[in-house]
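The values are calculated or read from the model by the stated rules, or taken from the named source; none is laboratory data. All values reported here derive from a predicted model rather than from experimental measurement. Heads up, the Cβs are rebuilt from the backbone with ideal geometry, glycines too, and the neighbour counts pull from every protein chain shown.
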Amino acid sequence: MMLRDLLTKDTILLNVKARDWENVTDIAGKMLLDTDAIEPHYIEAMKDTIRQLGPYVVIAPGIALLHSRPVNDVKRICMSLVTLDPPIKFGHPNNDPVKIVVALGGVDENSHMDALMEIANILSEEENITKIIAATTVEDIFILFQG
C-alpha cells in the first residue's frame, strides 16, 4: 500500500488549533474513524501508547507519528495527516513543539511498512517539512506524496 493511496482529502487537515496532544490524537483518529478504517477504540489505544511509553512518538523535531500496536481495531491500513497552528507540546525533551502529526493504523506487524518508509523518506527532507507546514490546501500535500 502506497502513501498516495492512504492520504486523501478526507484524511488531511491543515492548520488545526488543538488544545493538547490528546486533542490532536482525537482529531487525527476521527478522520480514520470517519473513513471506516478503524474502530473507535484505536484512538484511545494511540493515547494509551503515549501515556504508557511517553512522547517517543515525536520522532523528529516538530513531527509526531501516532500509532498503536496492530490490533483488531484497525480494519485496513490507514494514515491521516494534521498540521498544527500553533504547534503543541507532547513532552519530548528535544523534538517539541510538534507542527506535523501523522496517525498510522496497521492491520499486522508488516503490511504498513512500505507506507511508513515512504512517509519517513518524505519527512527526512527539511524542504518537504517546510512545504507541509506552509501548505494551505490539501492539493499542496498531494503534490508532495505523489511519489
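Consider GLU109 carefully, then state whether it is of a type in the set (D, E, K, R), at pLDDT 90 or above and farther than 21 Å from ASP26 by Cα.
On the way: of a type in the set (D, E, K, R): yes; at pLDDT 90 or above: no; farther than 21 Å from ASP26 by Cα: yes.
When the stated conditions are applied, GLU109 does not pass them.
Among residues belonging to region 30-58 that are in contact (Cβ under 8 Å) with a residue 40 or more places away in the chain and under 18 Å from LEU6 (Cβ atoms), point out the one that is surrounded by the fewest Cβ atoms within 10 Å (Cβ to Cβ). Even if it seems obvious, please write down each step before you answer.
First, the residues of region 30-58 that are in contact (Cβ under 8 Å) with a residue 40 or more places away in the chain: 31-32, 35, 37-38, 42, 46, 50, 55, 58.
With under 18 Å from LEU6 (Cβ atoms) added as a condition, the list becomes 31-32, 35, 37-38, 42, 46.
Values: MET31: 21, LEU32: 27, THR35: 16, ALA37: 23, ILE38: 26, TYR42: 25, MET46: 25.
Checked region 30-58; the qualifying residue surrounded by the fewest Cβ atoms within 10 Å (Cβ to Cβ) is THR35.
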Exercise. List, please: which pairs have Cβ atoms under 6 Å, are six or more places apart or on different chains, and start with a residue in region 97-119 that is in contact (Cβ under 8 Å) with a residue 40 or more places away in the chain and over 14 Å from LYS75 (Cα atoms) and end with one that is of a type outside the set (Asp, Glu) and assigned to a loop (DSSP other than H, G, I, E, B)?
Worked result: VAL98/GLY62; VAL98/PHE90; ALA115/MET1
Seminar exercise, completed: Over region 88-135, the set of residues within 12 Å of the chain's Cα centre (by Cα) and not hydrophobic (A, V, I, L, M, F, W, C) is LYS99, GLY105
Exercise. So which strands (runs of 3 or more DSSP E) stay within region 1-112 end to end and still have 3 or more residues that are touching a strand residue (DSSP E or B) at 6+ places or on another chain (Cβ under 6 Å) and among the hydrophobic types (A, V, I, L, M, F, W, C)?
Worked result: 12-16, 63-66, 78-88, 98-105
